[in-house]
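Colleague: The structure that follows is given in the form of structure tokens.
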Amino acid sequence: MPSAFHAFLAQTAEGQSQSLTNMLIPLVLMGAVFYFLLIRPQQKQAKEHQKLLTGLKKGDEVVTQGGLLGAVVQVEDRTVTLDVGSGTKVRVLKANVVGPWVERPVAEAARPEKK
């Protein structure tokens, strides 16, 4: 009788290890998908933004998160002074600078034709 009991325990332990492996495979795959679709692109974007902020210099035209457009007048450690027009100067946090301002022409095809 003890041999049958030991055989039963061995079979149960083997089944549990297989089910554990079968449960871990999908979790590992989901982790890989999250990394490549969410985490990695976010890290890349953060590096590019940091590179932009460290490269700011006087005369650059930038846009802020709040939608202000201006030319960089002064760059400090944490702040940037922008000339937003008519001699008006505004100090903003460097982190709030989204990127360079690039004027884009309105595409002629985008406008609906009037009949």
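The values are calculated or read from the model by the stated rules, or taken from the named source; none is laboratory data. Computed from a predicted model, the values in this text were never measured in an experiment. We place every Cβ from the backbone using ideal geometry, glycine too, and count neighbours over all the protein chains shown.
Colleague: When you scan region 85-92, do you find a residue that is hydrophobic (A, V, I, L, M, F, W, C), at pLDDT 90 or above and under 16 Å from the mean Cα position of the chain (by Cα), even just one? Full working, then the answer.
Modeller: As a first pass, look at region 85-92 and keep what is hydrophobic (A, V, I, L, M, F, W, C): 90, 92.
Now drop any that are not at pLDDT 90 or above, which leaves 90, 92.
This time we only want the ones that are under 16 Å from the mean Cα position of the chain (by Cα), so: none.
No.
Colleague: In region 29-72, which residues are on the phi > 0 side of the Ramachandran plot and within 20 Å of the chain's Cα centre (by Cα)?
Modeller: GLY67
Colleague: Which count do you get for residues in region 37-81 that are over 17 Å from PRO100 (Cβ atoms) and touching a helix residue (DSSP H, G or I) at 6+ places or on another chain (Cβ under 9 Å)?
Modeller: Residues flagged as over 17 Å from PRO100 (Cβ atoms) and touching a helix residue (DSSP H, G or I) at 6+ places or on another chain (Cβ under 9 Å) within region 37-81 amount to 4.
Colleague: Now for a different question. Among (1) modelled with pLDDT of 85 or more; (2) surrounded by 10 or more Cβ atoms within 10 Å (Cβ to Cβ); (3) in a helix (DSSP H, G or I), where does LEU27 come up short?
Modeller: Status for LEU27: all satisfied but (2).
Colleague: Something else now. Can you name the residue in region 40-69 that is part of a helix (DSSP H, G or I) and of a type in the set (Lys, Arg) and is also farthest from LYS89 (Cα to Cα) among such residues? Walk me through it before giving the result.
Modeller: Step one: filter region 40-69 for residues part of a helix (DSSP H, G or I), giving 40-54.
Those still in the list that are of a type in the set (Lys, Arg) too: 40, 44, 47, 51.
On the way: ARG40: 37, LYS44: 32, LYS47: 28, LYS51: 24 Å.
This residue is ARG40.
Colleague: If you don't mind, another one. I need the full set of residues from region 72-110 which are assigned to a strand (DSSP E or B), within 23 Å of ALA46 (Cα to Cα) and either of a type in the set (A, V, I, L, M, F, W, C) or touching a residue at least 40 places away in the same chain (Cβ under 8 Å) (or both), in order please.
Modeller: Those that are assigned to a strand (DSSP E or B), within 23 Å of ALA46 (Cα to Cα) and either of a type in the set (A, V, I, L, M, F, W, C) or touching a residue at least 40 places away in the same chain (Cβ under 8 Å) (or both): VAL72, VAL75, VAL80, LEU82, VAL92, LEU93, VAL97, VAL98, GLY99, PRO100.
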